[in-house]
Amino acid sequence: MSANGARPPYLAEGPHVGIRHLTYEDADEFTARARESRDLHRPWLFPPETAQAYAAYARARIDTPDTEALLVCEREAGGAIAGYININNIVRGGFLNGTLGYGAFAHAAGRGLMSEGLGLVLRHAFGPLGLHRLEANIQPRNHSSVALVRRAGFRLEGFSPAFIFVDGAWRDHGRWAITSDELIARPA
């Protein structure tokens with residue numbers, strides 16, 4: 001929230017959610033949601049649960065040219081944070097690519113809010129951000145995450161053993177991707 005208590009404006013809105021940029025002022029709500037969601041997130045995700053961890057998380061994502069840090073917010077709940085979707089490692093030039101990182105919070109899981117939010121993020125990435133391709137690297141046993149990207153139209157491109165260091169070990173990941181052309185060609 002801003003100094004006057006207002007939430008930042010949405011970049012895009014759907015029937016149930018809006019997406020907006022992450023702010024430093026989101027620390028209290030974000031960390032409380034992360035703590036409430038620990039059982040849902042482990043062993044896949046480790047979002048910041050303390051003010052200090054959030055400050056470092058936000059600093060690495062806000063006003064950084066290679067990252068677009070977004071929150072998925074419930075419109076009917078006064079803009080409460082339902083989850084987050086970051087577009088990381090944005091590369092411009094001939095690549096126009098970014099890598100997604102995301103997580104739902106427990107109160108919002110299984111309600112379709114992240115699916116709607118991811119659809120808005122794809123349109124934002126392929127529209128105003130001007131990207132051509134997005135990737136999502138997912139541990140194969142993270143069935144909820146795989147289902148989310150499949151619903152959004154991502155295709156499995158390959159498998160990378162010992163790809164990303166998560167929870168104290170190098171973990172295998174499936175590499176999923178979608179291009180702007182694939183999103184446009186997809187039936188609504």
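Readers should treat all values here as calculations from the given coordinates under stated rules, not as data from a laboratory. Computed from a predicted model, the values in this text were never measured in an experiment. Note that we place each Cβ from the backbone using ideal geometry, even for glycine, and neighbour counts take in every protein chain shown.
Here are some notes:
- With respect to the stated conditions, Asn89 is surrounded by fewer than 24 Cβ atoms within 10 Å (Cβ to Cβ), out of contact with any Lys or Arg (no Cβ under 7 Å at 6 or more places or on another chain) and either of a type in the set (Asp, Glu) or more than 14 Å from Val149 (Cβ to Cβ) (or both).
- Members of segment 1-54 found to be part of a helix (DSSP H, G or I), in contact (Cβ under 8 Å) with a residue 24 or more places away in the chain and farther than 18 Å from Gly103 by Cβ, listed by number: Tyr24, Glu25, Ala51
- Residue match in segment 95-111 (condition: under 21 Å from Leu148 (Cα atoms), surrounded by fewer than 21 Cβ atoms within 10 Å (Cβ to Cβ) and of a type in the set (Val, Ile, Thr)): yes
- Among residues of segment 164-188 that are at positive phi, those with a beta-carbon under 6 Å from a residue that is in a loop (DSSP other than H, G, I, E, B) and surrounded by fewer than 14 Cβ atoms within 10 Å (Cβ to Cβ) at least six positions away or on a different chain give the pairs Asp167/Pro43.
- Test result for Ala32, over 24 Å from Gly153 (Cβ atoms), surrounded by 13 or more Cβ atoms within 10 Å (Cβ to Cβ) and of a type in the set (A, V, I, L, M, F, W, C): yes
- Where strands (runs of 3 or more DSSP E) sit wholly within segment 119-188, those with at least 1 residues that are surrounded by fewer than 15 Cβ atoms within 10 Å (Cβ to Cβ), in contact with a strand residue (DSSP E or B) (Cβ under 9 Å, 6 or more places away or on another chain) and of a type in the set (Phe, Trp, Tyr) occupy 155-166, 169-179.
- When segment 65-86 is filtered for residues that are more than 16 Å from the chain's Cα centre (by Cα) and surrounded by fewer than 19 Cβ atoms within 10 Å (Cβ to Cβ), the ones remaining, listed by number, are Pro65, Arg75, Glu76, Ala77, Gly78.
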